[in-house]
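Following: one structure in C-alpha cells, then a few remarks.
Where a number appears in this text, it was derived from the coordinates with a stated rule and is not lab data. This structure is a prediction, so every number in the text was calculated from the model and none was measured.
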Amino acid sequence: MEGWLVHFARVQKQWIFIGLAFFLGSLPFGYWLGRLRGIDVRGEGSRNTGATNVGRVLGKKWGILVLVLDVAKGWVAVALAEHVGKASDPLVVTVGVVAVLGHIFSPWLGFRGGKGVATSAGVLLALTPIVGLSVIGVFAAVFFLGRIVSVASLVAATAFPFLVLGLDPGRPILQWAAVGMGVLVWVRHWDNLIRLLQGKESGFPKK
C-alpha cells in the first residue's frame, strides 16, 4: 500500500509540472500587451502574436519585451521541474516540449497561438545551455546576413537536432524532442514559406 501511495504521489507531481508548463507556455504576452495599447495584433501585420509582429505593430521596445517574456516562460517551466520538482531528465524534456505546445495552442487565444520560436529558445537554454546558445548564435548569424526572421528561425530549427547530437549526446529523448520541436517550427512557418517562395516575405532593412 505504501509503495502504491509513493507511486501515486510521483505521478501526481509529474502531472502538476506538465500542467504548469502548458499554462506558462500558453500565456499570450504579445496579445495582452497589444490589447493594453488598444490594438489586437492578430489583425495587424503578419497577424501573429510573436515578438516580430509586435515589434512591427507596436514598436521595437514592445517587441523586445515580448521576446524576453516568451523566452522566460519556456525557461521557467523547465527550471521549475528540474530544480524545484527534481524531475527526471525525460520528464524535464517533456515539460519543455509541453511549454512550447502551450504557446502554439494557447487556450487564451482559442488554441491558436504563436510559432514557438522564442519559447523554444527559453526551453533550450534551460535544458542544455550550450545547445541553446549555439542555436541562438545560428539564428543571429542568419538574421544578420539576410534580415528575415522567418529564414533565421527555419535555419536555427533545422540546426537544432544536429547541435544536440554534436554538443549534448547521450540524451535520446532530447534528440527526439529536438526533431519534434524543429518540425513544429517548420509547420508553424508554412505561411512564411509560401511568401518566401513568392518573394513576398518582409524583412528588416539593414542599417
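Is segment 89-207 best put as rounded, prolate or oblate by its Cα gyration tensor, with a ≥ b ≥ c the root eigenvalues, rounded for a/c under 1.5, and otherwise prolate when a/b is larger than b/c, oblate when not? In terms of gyration-tensor shape, oblate. Under a Gaussian network description of the chain, with springs only between Cα atoms under 10 Å, the residue in 122, 50, 110 that fluctuates furthest is 110.
Dividing the summed -39500 (n - 2.57) terms of all DSSP H runs of n ≥ 4 by the residue count of the chain sets its mean residue ellipticity at 222 nm at -24000 deg cm²/dmol. Rounded to whole numbers, the Karplus 3J(HN,Hα) couplings from phi for segment 187-192 are 4, 5, 9, 4, 4, 5 Hz, using 6.51 cos²θ - 1.76 cosθ + 1.60 with θ = phi - 60°, and x at Gly and Pro.
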